[in-house]
1. Among the residues of the stretch 160-206, which ones are closer than 19 Å to residue 122 by Cβ and aromatic (Phe, Trp, Tyr)?
2. What's the number of the only condition in (1) within 30 Å of residue 237 (Cα to Cα); (2) in contact (Cβ under 8 Å) with a residue 40 or more places away in the chain that residue 297 fails to meet?
3. Would you check which residues across the stretch 109-132 are in contact (Cβ under 8 Å) with a residue 40 or more places away in the chain, not small (Gly, Ala, Ser) and not in a loop (DSSP other than H, G, I, E, B) and list them?
4. Counting residues that are of a type in the set (A, V, I, L, M), surrounded by 12 or more Cβ atoms within 10 Å (Cβ to Cβ) and touching a Leu at 6+ places or on another chain (Cβ under 7 Å), which helices (runs of 4 or more DSSP H) fully inside the stretch 235-337 reach at least 2?
5. Would you confirm, using the coordinates I've provided, whether residue 99 is crowded, with 18+ Cβ neighbours inside 10 Å and either touching a Phe, Trp or Tyr at 6+ places or on another chain (Cβ under 7 Å) or modelled with pLDDT under 95 (or both)?
6. Looking only at the stretch 104-127, which residues are surrounded by fewer than 17 Cβ atoms within 10 Å (Cβ to Cβ) and either within 13 Å of residue 202 (Cβ to Cβ) or of a type in the set (Gly, Ala, Ser) (or both)?
7. Is there any pair with a first residue in the stretch 65-79 that is free of Cβ contacts under 8 Å to residues at least 40 places away in the same chain and a second that is in a loop (DSSP other than H, G, I, E, B) whose Cβ atoms are under 6 Å apart and which are 6 or more apart or on different chains, and what are they?
8. Can you tell me which residue is farthest from residue 333 (Cα to Cα) among those in the stretch 147-180 that are polar (S, T, N, Q) and either in contact with an Asp or Glu (Cβ under 8 Å, 6 or more places away or on another chain) or in a loop (DSSP other than H, G, I, E, B) (or both)?
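The values are calculated or read from the model by the stated rules, or taken from the named source; none is laboratory data. What you are looking at is a predicted structure, and each value in this text was computed from that prediction instead of being measured. Quick reminder, even Gly has a Cβ in these numbers, built from the backbone with ideal geometry, and neighbours come from all protein chains shown.
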Amino acid sequence: MSVVLPAYNEAAILEENLGVVQAYLRTQEQGYRFEVLLINDGSSDATGQIAEAQRARYDNLRVIHHPTNLGLGQGFKTGFANSRGDYVAILDIDLSYSPEHIGALLEKIRAARAQLVLASPYMADGRISNVPWLRRTLSIWANRFLSFFAHGNLSTLTCMVRVYDGEFARSLVLRSVGMEVMPESIYKSMILRGRIEQIPAHLDWSRQMAAPRRRSSMRIVRHIFATILQGFIFRPFMFFILPGLVLLAFALWTNFWMVMHFADAYGALGPVAGDRISAAVAVAYQQFPHTFIVGLLSLMLAIQLISLGVLAMQSKSYYEEVFFLGTSIKRAVDGRREASGADRAPPRE
C-alpha cells in the first residue's frame with residue numbers, strides 16, 4: 001500500500017501530522033505493508049529539511065523533492081510514478097480528512113473491486129466541520145456543478161482524498177498540474193471504464209483553525225475557471241447544443257412573426273412598380289425592424305452554437321478513443337518490459 005502525501009510550504013504542521021499518519025498506519029500493519037511517499041513540491045520554507053529529517057524516524061518513508069513548485073497535479077503524477085503498492089492512496093498532509101479514511105477506502109476498493117474510491121463529505125452520512133463559509137460554499141457548488149455534468153452520480157469530483165488500484169493509477173496519463181487534476185483523473189478513469197465508488201467522509205478543518213496561519217495554496221478565481229472547463233469537458237452538449245436548441249426555438253418563434261408581418265404587408269400592398277415581394281419585405285421591415293433583426297441574428301447564433309456543439313462532441317469522442325487506445329498500448333508495453341525484466345532477473349536465494 002502506497003500513501004502519497006503532497007506537501008507545499010507545510011513546515012508548521014509537517015512533523016506532527018506525519019507522526020499522526022504513521023501512528024495510524026501502524027495500527028493497520030496486520031493487514032497491509034505500507035510505504036509513505038512525501039512529495040515536497042518545491043516548498044520555499046523548511047518543509048524539505050523537515051521531511052529529510054523524518055526519514056531517519058520512519059523506515060517506510062520516501063521523500064521526493066520537486067526543484068520548484070509544480071502544482072498539485074504534478075504531485076499526483078510523481079506519487080503515481082514512484083509508487084510500488086497494490087493500492088495508492090492520496091491524503092492531504094493538513095489532515096482535513098483524518099488518516100482513518102485510508103482504512104475505509106481500502107476496505108471499499110477491495111470489497112467493490114473498484115479502480116478508484118473517493119472520500120465524499122457530500123454524500124449521505126458525509127459531514128463538513130469548521131470550514132470557512134466561502135471555502136465551504138465554493139466547494140459544495142463546484143461539486144454540484146461537476147456532478148451535474150459528469151456521468152456516474154458522484155457527489156464529489158474535487159476531493160483530494162482517494163485510493164486507486166495501483167496498476168490502474170500508474171497507467172493513467174494525466175495532463176493537469178493544478179487542482180483540476182482531481183476531476184481530470186476521474187474523467188480519464190471513466191474513459192478507461194474504471195469502476196468508481198465513494199464512501200462517506202468527514203471534512204474537518206479543526207486542525208487548520210488551531211494551527212499557525214498558513215498561506216492557502218488554492219487560487220480561487222483560477223479554480224472556478226478550471227471547474228467550468230472541466231464541466232465542459234465532461235459534457236460539451238450542455239454548453240453548446242442545449243443553449244443552441246433553446247435559442248433556435250426562440251429564433252423560430254421570432255421568424256414566424258417575421259413571416260406573418262411580411263404576409264400582412266404583401267396582402268395590403270396594391271399594384272406596385274417592380275418586385276412586389278421586395279416591396280412587402282421593405283414595408284414589413286420598416287414597420288417591425290426589431291423582429292427582423294432579432295429573428296435573423298438569433299437564428300444565425302443558434303446555428304453557430306449547435307455547429308460548435310457537434311464539433312466539440314466529435315472532438316471529445318475522438319479524444320476518448322485515442323486516450324483509451326494510447327493507454328492500452330502503454331499498459332501492453334509496460335507489461336512486456338516487466339516480463340522481460342523478470343526473465344533477466346537472477347533467481348532469488
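1. Selection gives 187, 205.
2. (2)
3. 109, 116, 117, 118, 127, 128
4. Answer list for the stretch 235-337: 241-268, 276-287.
5. yes
6. 104, 111, 112, 123, 124, 125, 127
7. Short answer, once both residue conditions are applied: 66/42; 68/42.
8. Once the filter is applied, the top-ranked residue is 155.
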